1. Within the range B:185-276, considering only helices (runs of 4 or more DSSP H) that don't extend past its boundaries, which have at least 3 residues that are out of contact with any His (no Cβ under 8 Å at 6 or more places or on another chain) and in contact (Cβ under 8 Å) with a residue 60 or more places away in the chain?
2. Tell me which helices (runs of 4 or more DSSP H) are completely within the range B:1-116 and hold 1 or more residues being within 23 Å of the chain's Cα centre (by Cα), or say none if there are none.
3. Let me confirm something: among B:Arg161, B:Arg118, which residue is within 28 Å of B:Glu203 (Cα to Cα) and basic (Lys, Arg)?
4. Condition first: under 21 Å from A:Gly173 (Cβ atoms) and hydroxyl-bearing (Ser, Thr, Tyr). Now tell me which residues in the range A:77-97 satisfy that.
5. Go through the range A:246-268 and give me each residue that's assigned to a helix (DSSP H, G or I), within 14 Å of chain B (Cβ to nearest Cβ) and free of Cβ contacts under 8 Å to residues at least 40 places away in the same chain.
6. Within the range A:93-107, take every residue that is more than 7 Å from chain B (Cβ to nearest Cβ) and under 19 Å from A:Asp83 (Cβ atoms) and give me the one that is surrounded by the fewest Cβ atoms within 10 Å (Cβ to Cβ).
7. Among the residues that make up the range B:70-90, is at least one of them more than 7 Å from chain A (Cβ to nearest Cβ), within 18 Å of B:Thr10 (Cβ to Cβ), without any contact (Cβ under 8 Å) to a residue 24 or more places away in the chain and touching a strand residue (DSSP E or B) at 6+ places or on another chain (Cβ under 9 Å)?
8. Please indicate, with yes or no, whether at least one residue in the range A:114-127 is within 22 Å of A:Val196 (Cβ to Cβ) and within 14 Å of chain B (Cβ to nearest Cβ).
Amino acid sequence: MLRVELIRALRRWRTYVLGAGLAGIPILIVVSLKLSSNDPSAAATGPAFLGKILVNGLFAPLSALAVIQPFFLPLGAGLLSGDAVAGEASAGTLRYLLVRPVGRIRLIIDKYAFVMLSVIAGVVWVVAVGLVAGGAAYGVGPMPTLSGTTMSAAQAVLRIVAAGAYMVGGVAGIAAIGLFISTLTDSAPGAAIAPVAVAIVSQILDNIDSLRVIHPFLISHRWLAWTDLFRSPVEWGGMARGALTFAIYTAVFLGAALRAFVRRDVTS
Amino acid sequence: MNAIVTRSLTKRYGDTAAVDRLDLAVDEGTLYGFLGPNGAGKTTLIRMALGLVLPSEGTVSVLGEAVQGSEGRAGRQRALRQVGALVEEPGFWKHLSGRRNLECFAVAAGPPSDREARRSRIDRVLGLVGLEDAATKRVKAYSQGMRQRLGIALALLGAPRLLVLDEPTNGLDPSGMREVRLLLRRLADEGTTVFVSSHLLWEVEAICDRVGVLAKGRLVGEGRPSDLRRTGDRVRLEVDDREGAVRALGAVEGAMVVDGAGPVDGSLVVRLSPPATTAGLNATLVGAGIAVSALIPEQESLEDVFLELVGKRLEGDGDDDASS
């Protein structure tokens, strides 16, 4: 089933258009900076203090990650997961997959794996394009940490990749929510919009001070904890709590998706 | 062995029962035609047999495996591996070619199979439905008839022991319909059980070994097409005094006027069951002073049987529904 998803994705224009669009983000960052000033730190688009450490070509992958995290990543995870089951239902292929037979549990697991693989592919692609573009324009060198020490370029790349991995974890719960809604409806657009809305609303609520009590329970509350990777030593506390939140959201909604789909009448 | 068995199988949506305490047995190796008006519950029954819809009550087993409910999961998977199905319209990924669609479905269920064997099987089923030339075109560009053919090809892909086809000739032109009918007949002759639903009576009558008639979720008639037709001899009468004839026949045991209006003013159709006979009918009419100008034995068409069976069920709404 996973193999089928990959074959189908590789045969769609959509995949390549999205890939080109994602590659455009780090390239745009590098080009706009090259045209305006020559100080990479001016291009820091993520949390403002990141500007302090972005002194060479490594700024490009990190800034690009910071750009895609709040909106594009949840959007991608939400659209793909919302479409996962509801899209098959509205295309009329769901019933034919189930009678092949692809087991219902297997179908959900493989669909989820495909969504997460796509998100991972997107993140890896953005980091790779950013490294090449940033490296070509500004070279790659040691990077200061937020704590004032310096780390080698290899160490920096490793931490950028770790930041990407943490971001992937951050949308795992969004993908699970999307998949759950996708099992409840035959309308792919509706199922795709819902998880994106969850991500947006969560980020808005997280910015309203008077709602401080609910903040720790919001799916997006610890999304920015990856910045702790660029301290010396790395502060794991925030990311550990974030990972726990992501794991709980993922487990709850993936469980709900499985439960809902196994019991559901497929009438599409 | 039975290919499909249901025991008081019921599916309720709210207060209405789409399938209502249905008992059905389809022998292996037969071509079974399943008739019923729209909304009779044909598709719901098929979906329950394929494990897509969960029954409210009762059981359904396919190729000897109970398939309903979560406890039926393993059995359902085993059974479905030997089943090919077309459920309502065919469904495909439109941006892929016909051949690629079949490949995707073939690998979806895993385990990984021999690539060459898979390719040659796909070639074979595409050939069976006459789609070799359009195999590399995207399904987006297919006509409705071509999609229907591809749907049948998909059903045949796994060389199934049981073929479940819901309205397989939908959207086909007359020659396409004929090809499909011949194909189904041939598959059945080769030992495949074919369970085919249709609202086209002549189509079912032409090819099926057995026919079941479904109305409002219940089986209202079943048998070989010829047996269903022979449930009573029919005679068309042409008389000079229609009213008098109807009155006179009312006294004859086993004679029932089933169709008053005919092409001619004084014509009526009478169904005979023992002890009534055609000769006795004639004698009665003549005895009553009615001139009989024609007395024509008629074979009942399956359509008549169908309309009568379904009509009874629709009229008798509620008479046997005490428990639901």
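1. Values: elements: B:201-207, B:225-229, B:242-249.
In the range B:185-276, the matching helices (runs of 4 or more DSSP H) lie at B:201-207, B:225-229.
2. Values: elements: B:42-49, B:73-80, B:98-108.
Output list reads B:42-49, B:73-80.
3. On the way: B:Arg118 fails: within 28 Å of B:Glu203 (Cα to Cα).
Criteria check complete, one pass: B:Arg161.
4. At the first step, the residues of the range A:77-97 found to be under 21 Å from A:Gly173 (Cβ atoms) are A:77-87.
A:Ser81 - this is the single residue of the range A:77-97 that is under 21 Å from A:Gly173 (Cβ atoms) and hydroxyl-bearing (Ser, Thr, Tyr).
5. Within the range A:246-268, the subset assigned to a helix (DSSP H, G or I) is A:246-263.
Narrowing further to those that are within 14 Å of chain B (Cβ to nearest Cβ): A:258-263.
If the condition is that a residue be assigned to a helix (DSSP H, G or I), within 14 Å of chain B (Cβ to nearest Cβ) and free of Cβ contacts under 8 Å to residues at least 40 places away in the same chain, then A:Arg259, A:Arg263 are the ones that fit.
6. Quick first cut of the range A:93-107, residues more than 7 Å from chain B (Cβ to nearest Cβ) only: A:94, A:104-107.
Within this subset, residues satisfying the condition of being under 19 Å from A:Asp83 (Cβ atoms) are A:94, A:104, A:106-107.
Values: A:Leu94: 21, A:Arg104: 22, A:Arg106: 17, A:Leu107: 22.
If we take residues in the range A:93-107 being more than 7 Å from chain B (Cβ to nearest Cβ) and under 19 Å from A:Asp83 (Cβ atoms), then A:Arg106 is surrounded by the fewest Cβ atoms within 10 Å (Cβ to Cβ).
7. yes
8. yes
The values are calculated or read from the model by the stated rules, or taken from the named source; none is laboratory data. None of the values given here were measured: they were computed from a predicted structure. Every residue, glycine among them, receives a Cβ derived from its backbone with ideal geometry; neighbour counts consider all protein chains shown.
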